[in-house]
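The values are calculated or read from the model by the stated rules, or taken from the named source; none is laboratory data. Note that this is a predicted model, so its numbers are computed, not measured. So basically every Cβ, Gly included, is an ideal-geometry build from the backbone, and we count neighbours across all protein chains shown. Keep in mind that these areas ignore ligands, DNA and RNA; they rest on the heavy atoms of the full protein, side chains included. Shrake-Rupley method; radii C 1.70, N 1.55, O 1.52, S 1.80 Å.
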Amino acid sequence: MAKYSTGSSSGGGDGDSCELCGRETGDLRRAKVAGATLLVCSNCRPHDDSADSSSSGGSGSSDRGDDSPSRSQELARKQAEMYDAGKGDASHWEQHGTDYEDDQLPYLVSGYGARAEQARQDAGLTIEELSAETGLAEDDVLAVEQGRAARANVGGSVIRALEEHLDVTLVDE
């Protein structure tokens, strides 16, 4: 019988190999894999989509006879674990972040990043020096100069401090 067949043909003497992986064995059982009924070895039986993988007729019954979860339930559980692991912990934002209700980012002028950078350079300051003089985080100053204040969650107080210290207009009023 050919590999990946539907199992409907009566084999011509080569019925002792797994139709999924090709392994030769005398211990083959019928399994429904991706909609096809195949003769599979013990290594490939976990791929059985039918409700009862030990049946030889593929009855399609939903009673598994054991307490193991179905493949779709197991997949859903693993996906949920991956989602939860990827979310991470946001508690540091609550402790160290900006309260954006009180410190909302105002509407910024077009090209505000280049304006801020030019004003800092005209004042003869490095980002580190400007940060030290204003008490602002270097990352926030850099985010403003790179034009990504909104993506970096820079608060309006940072923008206003830069405007005041550098005597530059960054807010579109």
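When restricted to residues that are surrounded by 15 or more Cβ atoms within 10 Å (Cβ to Cβ), at pLDDT below 85 and among the hydroxyl-bearing types (Ser, Thr, Tyr), the stretch 13-58 contains 3. Note on the stretch 82-123: among residues that are among the hydrophobic types (A, V, I, L, M, F, W, C) and assigned to a loop (DSSP other than H, G, I, E, B), the one that is modelled with the highest pLDDT is Ala123. The residues of the stretch 61-73 that are at pLDDT below 75 and surrounded by 11 or more Cβ atoms within 10 Å (Cβ to Cβ), listed by number, are Ser61, Arg64, Gly65, Pro69, Ser70.
Of everything in the stretch 133-144 that's within 16 Å of Gln121 (Cβ to Cβ) and in contact with a Leu (Cβ under 9 Å, 6 or more places away or on another chain), which residue is most open to solvent (accessible area, probe 1.4 Å)? By that ranking, first place goes to Glu133. For the stretch 137-173, the tally of residues that are under 26 Å from the mean Cα position of the chain (by Cα) and in a helix (DSSP H, G or I) stands at 2.
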